[in-house]
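The next block holds one structure in the form of structure tokens; read it before the comments.
The values are calculated or read from the model by the stated rules, or taken from the named source; none is laboratory data. The structure presented is a predicted model; accordingly, all values stated were derived computationally and were not measured. Cβ coordinates were reconstructed from backbone atoms using ideal geometry, including for glycine residues, and neighbour counts include every protein chain displayed. Areas reflect the complete protein model, heavy atoms only, side chains present, ligands, DNA and RNA absent. Shrake-Rupley method; radii C 1.70, N 1.55, O 1.52, S 1.80 Å.
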Amino acid sequence: MNHKLLMLFFLGGVLLLGIPQFVLAGEITKEQISEWNLETQGWSIQDHIAAAYSEKEEVQSLEDRIQQLDKRISKLEEKPYFDPKGFTRSSLKLFSSTLEEQEKLLNEKIAWHYRQADQAKLTE
């Protein structure tokens, strides 16, 4: 009985804390772009390029993590008896899709930084 109660609280916490972020994650919006403009006001070309490179490193680490998760998912799909109800597999898929959304957002920010650097070069 104690294990069932513990699992109930754990799953309730996952649902309350995990789903709102997943549901609210969406496309890049004009508000996000305006926030980036405010954060980077007065940046030089080198600042934008440095930010793009640091975000490229983050994208690379996210891609590595996504690949690791995809390997774990495929192993669970090959051997479903390790996850008979599919909870682990579905949670890994959800986490992987969340990381893919973060990767997409970072790629948008990288492209934005390069565009800002190009515009700064044209105005000099």
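Annotations
- Residue within segment 78-87 that is open to solvent by less than 90 Å² (accessible area, probe 1.4 Å), of a type in the set (A, V, I, L, M, F, W, C) and either touching a Lys or Arg at 6+ places or on another chain (Cβ under 6 Å) or in a helix (DSSP H, G or I) (or both) present: no
- Selection of segment 61-77 for residues being open to solvent by less than 60 Å² (accessible area, probe 1.4 Å) and free of Cβ contacts under 8 Å to residues at least 12 places away in the same chain yields only Ser74.
- Top-ranked residue in segment 58-86 [being modelled with pLDDT of 90 or more and among the hydrophobic types (A, V, I, L, M, F, W, C); ranked as nearest to the chain's Cα centre (by Cα)]: Leu62
- In this entry, Tyr114 passes the filter for residues that are touching a residue at least 12 places away in the same chain (Cβ under 8 Å) and part of a helix (DSSP H, G or I).
- Selection within segment 95-124: residues that are within 13 Å of the chain's Cα centre (by Cα) and polar (S, T, N, Q). The member of this set that is least open to solvent (accessible area, probe 1.4 Å) is Ser96.
- Selection status of Leu92, within 17 Å of the chain's Cα centre (by Cα) and not β-branched (Val, Ile, Thr): yes
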